[in-house]
Amino acid sequence: MVRTGFRMIVDSQPDMAVVGEAADGAEAVALARRLRPDVCLFDIRMPKMDGLEATRALAGPGVPDPPRIVIVTTFDMDEYVYGALRGGAAGFLLKDSGPALLVEAVRAAASGGSLVSLSTVKTHLGSVHRKLATRNRVETAAWAWESGLMT
């Protein structure tokens, strides 16, 4: 059902077309290697091979000419965001981000940019503030300066 919705959103754009769909991560990797799409949309949790492993297989360090990958998931957890971006993903969205942000993320990835949903960024900034006992970005920057992380 989710794949059908994503297909409808992507295919409704005049400059985009879905070239393949996979039921699991292993099939997605094989299909992406064969079809060479500009952008792949992966979920974190897929059968047979999760989205993080599939991302590393297609776009991880040392992979020549990787496709751009956007993770679209319901799981907004630090380790997933970090793992996705570290594994080569160009974007990270929550499934409830809406069609406009999905299209924006695909366009950003296709043009060599990246997009992380604003709600994901807010969640993780909140986590940073809690861990550092800071109230806002300015205090976080001051903490980084005082800790010698910035020069």
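Each value in this text was obtained by applying a stated rule to the coordinates, not by laboratory testing. What you are looking at is a predicted structure, and each value in this text was computed from that prediction instead of being measured. Cβ coordinates were reconstructed from backbone atoms using ideal geometry, including for glycine residues, and neighbour counts include every protein chain displayed.
Quick look at the numbers
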| item | result |
| --- | --- |
| Residue 146/residue 74 FRET efficiency (R0 41 Å; Cβ-Cβ; nearest 0.05) | 0.65 |
| Extension gain from residue 30 to residue 118, taking 0.36 nm per residue of separation minus the Cα-Cα distance | 28.5 nm |
| For segment 1-54, size of Cβ-based charge dipole, Lys and Arg +1, Asp and Glu -1, in debye | 120 debye |
| Max mean-square fluctuation residue, GNM over the chain, Cα-Cα springs under 10 Å, options 56, 137, 45 | 137 |
| FRET efficiency estimate (nearest 0.05) - Cβ-Cβ, residue 3 to residue 127, R0 22 angstrom | 0.15 |
| Debye, to nearest 20: dipole size of segment 6-151, +1 on Lys, Arg Cβ, -1 on Asp, Glu Cβ | 200 debye |
| Residue (of 150, 60, 116) at the positive-pole extreme of the chain, dipole from beta-carbon charges | 150 |
| Cα-based Rg and Dmax for segment 2-116, where Dmax is the largest Cα-Cα distance (Å) | 12.6, 35 |
| Residue order, fewest to most beta carbons within 10 Å, for 75, 6, 42 | 75, 6, 42 |
| Cβ-based charge dipole, segment 1-60, positive-most Cα from 29, 2, 42 | 29 |
| Total formal charge among the other residues, if their Cβ is under 12 angstrom from that of residue 54, Lys/Arg +1 and Asp/Glu -1 | -1 |
| Summed side-chain charge close to residue 87 - residues other than residue 87 whose Cβ falls under 10 Å, Lys, Arg +1, Asp, Glu -1 | +1 |
| Extension reserve of the residue 111-residue 48 stretch, reckoned as 0.36 nm per residue once the Cα distance is removed | 19.7 nm |
| Estimated FRET transfer efficiency (residue 17, residue 100; beta-carbon r; R0 30 Å; 0.05) | 0.95 |
